[in-house]
Amino acid sequence: MNPMTYAFPILAALFVLAFFIFGLRGPVLDGDSKKSRIGKAEVPASVAPRLSAKPWAILALTAVYAVVAFLNLGDRAAPERWYAFQPGESVTFTFDAEEPLDRIFFFCGLNTGEYTVTVTDNDVVTGTGTMSQGYNDIFKWRDAELSYEGSIWARNVTITADSDTELAEVAFYRTDGTQIKAESISISSGAEALLDEQDLVPGEMTYHNSTYFDEIYHARTALEHMRGMWPYEISHPPLGKLILSIGIAIFGLNPFGWRFMGTLFGVLMLPILWVFLRKMFKDDRIALCGTAIFAFDFMHFAQTRIATIDTYGVFFILLMYLFFWLWMEGGRNRDLALSGLFFGLGAASKWICLYAGAGLGVLWLLQWISAGLDAKKHQAMGVFWKSFWKCVSFSVIWFVLVPAVIYYLSYTPYGIAEGLKAPGMYFSSEYAQIVWDNQTFMFTYHAGLVAEHPYSSQWWQWLFDLRPILYYLNYGNDTVTSIAAFTSPLLAWAGLLSILYLAWRWIREKDRRAMFIVVGYLAQLLPWVFITRLTFAYHYFPSVVFLLLALCAVFDEMRRRNRLKWMYAFTGLSVLLFAVYYPALAGIETSRNYSWKILKWFPSWPL
């Protein structure tokens, strides 16, 4: 590792320290605090909160981010006409003339198995091979493994499947690297789909044209739900995959299609977060800077561009906490109901939302304890108990019954796959058993998962950004192409210090806003402290939302001290750092020197 590389994390750490030391320096000037040292007449105009009814800035930020997020997302076309093999079935390709065959390139569909390849020339076998279609090959371009002596002269190539599998396209290449055109190949009757989309054959497998990381599970399951099939991946609730399938329905079964909805939800997080920050801090400057930092956070960018389901969980967590905060501030039942509704949608997408729901339960209890103490002080316990039990009943409806119904209905694709029909199936013991069996399977699976992964990490490493996860990695001649997911170091480190600062404010000053943020953060982090299964940096994604909220609370303290220049500096540096790391986040080929000497801040970073 280049010794100069250590300069970058050292400088970043020094900036974070300076940010807190100098940004929180000086007296509170807004006149609303007991610590204010000067009169209101002397307060600078920049200290007062600013709110505008014109959302042009957030619309512009969202539009810019959307362009960056959808750019280079993946190919918009891939082979979609499949040929379904039966076990033992063979398909023969016949060339118009003898060809010096060197490579067979194919696009895998659903199901797993292996194809046997037999190459003949004038009835003489000149080569053999296999085409593997494992669970991690779904919707990927793969190369056949050929075995031969000397060179293969081919007139016929026969592919024989050993199980029920689907294959989309097969391409053949000569020893000089040129592709044999489909027009000069005849094929067994009925299997024409294997040669009808040759214009979509790429030169090599990349994330542009194939699945990567857990897309092999979730894009596949989305298609299986669309086809009414029993899904392969049943280790998470169905709703996230159903949302993912909307993109496939609109844009087709291609990388852009299966990544579209996650990226769209990543874009939609921005105006929601902006509203959240405005409601919490009553200042457009803080709301816009906080949203910009989150928009260009490494984790938010990389995680929402991959076709997995974590994005939907975080999206609904953001909404459930937004409306719960509005309820805490205004006491409106409508907001509490919406919080419960989004809790139900989140839980039906991924169980991380159950952790978030537990955090809301703690906040609900703390809210009523505070109200009870206040009522006791003012001798109004009768009114308190009446309001309390009314809220209990309302909360049971919206945080238990409604989420349970949403969760139960989300298993509709499972019922359809078993031949059941709505609406009657919802009242059948067969459907109820399907739902129950999946809950026991998921719990057993996640509790007993024993596996290893080169890019795994533990919860304490997430706090300090010590171990990113690499979703994609490809080396070229002195180049590297990667897609990494980890929190921006500035947000990770400053956010963690902000959480500690808010914990202190909660304890010392009974700050309700600090309580809200700290409880939300701990609700997402603490469960992973006790989980012993394989974990990754992306499991920290929900916590990043609360790191951002905590950081904005510090921004608000800086506003009260007329030190917002530190907020602007932090925002600008965060966007600049995103630009520097963009190649490693978006899969852009760059030099190994740039990756290893500029981006690799720690030996534990696999960039």
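Computed values, structure above
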| quantity | calculated |
| --- | --- |
| Subset of region 342-400 that is among the basic types (Lys, Arg) and surrounded by fewer than 18 Cβ atoms within 10 Å (Cβ to Cβ) - its residue that is nearest to PRO527 (Cα to Cα) | LYS390 |
| Per-region count, region 400-423, residues part of a helix (DSSP H, G or I) and either at pLDDT below 95 or β-branched (Val, Ile, Thr) (or both) | 6 |
| Restricting region 376-392 to residues that are small (Gly, Ala, Ser) and more than 22 Å from TRP325 (Cβ to Cβ), the residue that is modelled with the lowest pLDDT | ALA380 |
| Condition check for SER151: modelled with pLDDT under 95 and loosely packed, with under 15 Cβ neighbours inside 10 Å | yes |
| Residues being surrounded by fewer than 24 Cβ atoms within 10 Å (Cβ to Cβ) and either in contact with a His (Cβ under 6 Å, 6 or more places away or on another chain) or assigned to a helix (DSSP H, G or I) (or both) - total across region 521-532 | 7 |
| Condition met for ARG332 (at pLDDT below 95 and either within 30 Å of LYS54 (Cα to Cα) or surrounded by fewer than 24 Cβ atoms within 10 Å (Cβ to Cβ) (or both)) | yes |
| Extreme residue, nearest to SER482 (Cα to Cα), among residues of region 40-82 that are of a type in the set (Phe, Trp, Tyr) and surrounded by 12 or more Cβ atoms within 10 Å (Cβ to Cβ) | PHE70 |
| Candidates THR112, THR116, THR128 - the one that is in contact (Cβ under 8 Å) with a residue 24 or more places away in the chain and over 27 Å from ALA77 (Cα atoms) | THR116 |
| Filter result for LEU502 (part of a helix (DSSP H, G or I), at pLDDT 95 or above and more than 20 Å from PHE276 (Cβ to Cβ)) | no |
| Where SER235 falls short, out of the listed (1) in contact with a Ser or Thr (Cβ under 8 Å, 6 or more places away or on another chain); (2) under 27 Å from LEU420 (Cβ atoms); (3) touching a residue at least 60 places away in the same chain (Cβ under 8 Å); (4) not β-branched (Val, Ile, Thr) | (1) |
| Extreme residue, surrounded by the most Cβ atoms within 10 Å (Cβ to Cβ), among residues of region 543-572 that are within 27 Å of TRP460 (Cβ to Cβ) and in contact with a Ser or Thr (Cβ under 8 Å, 6 or more places away or on another chain) | LEU551 |
| Region 436-468, subset assigned to a helix (DSSP H, G or I) and within 16 Å of LEU525 (Cα to Cα), residue nearest to the chain's Cα centre (by Cα) | TRP462 |
| Subset of region 191-220 [in a helix (DSSP H, G or I), within 17 Å of ASP143 (Cα to Cα) and aliphatic (A, V, I, L, M)] | LEU194, LEU200 |
| Meets criteria (part of a helix (DSSP H, G or I) and surrounded by fewer than 14 Cβ atoms within 10 Å (Cβ to Cβ)) for GLU430 | yes |
| Matching option when the condition is crowded, with 17+ Cβ neighbours inside 10 Å, closer than 15 Å to GLU99 by Cα and of a type in the set (Val, Ile, Thr), among THR160, THR126, THR118 | THR126 |
| Single residue of region 270-282 satisfying the filter (in contact with a helix residue (DSSP H, G or I) (Cβ under 6 Å, 6 or more places away or on another chain) and under 23 Å from ALA514 (Cβ atoms)) that is surrounded by the most Cβ atoms within 10 Å (Cβ to Cβ) | LEU277 |
| Within region 1-58, tally of residues that are modelled with pLDDT of 90 or more and either farther than 22 Å from MET280 by Cα or not in a loop (DSSP other than H, G, I, E, B) (or both) | 20 |
| Subset of region 184-216 that is of a type in the set (Gly, Ala, Ser) and surrounded by fewer than 18 Cβ atoms within 10 Å (Cβ to Cβ) - its residue that is nearest to GLU166 (Cα to Cα) | GLY190 |
| Every pair of residues 6+ apart whose Cβ atoms lie under 8 Å, when the first sits in region 276-289 and is at negative phi while the second is of a type in the set (Asp, Glu) | ARG278/ASP284; LYS279/GLU329; PHE281/ASP556; ASP283/ASP556; ILE286/ASP556 |
| Subset of region 550-567 (residues that are touching a helix residue (DSSP H, G or I) at 6+ places or on another chain (Cβ under 7 Å) and not basic (Lys, Arg)) | ALA550, LEU551, CYS552, ALA553, VAL554, PHE555, ASP556, MET558, ASN562, LEU564, TRP566, MET567 |
| Odd one out for ARG155 among (1) of a type in the set (Lys, Arg); (2) touching a strand residue (DSSP E or B) at 6+ places or on another chain (Cβ under 8 Å); (3) assigned to a loop (DSSP other than H, G, I, E, B) | (3) |
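The values are calculated or read from the model by the stated rules, or taken from the named source; none is laboratory data. Every value quoted in this text rests on a predicted model; they were computed, and no experiment measured them. Glycine gets a Cβ as well: all are built from the backbone with ideal geometry, and neighbour counts include every protein chain shown.
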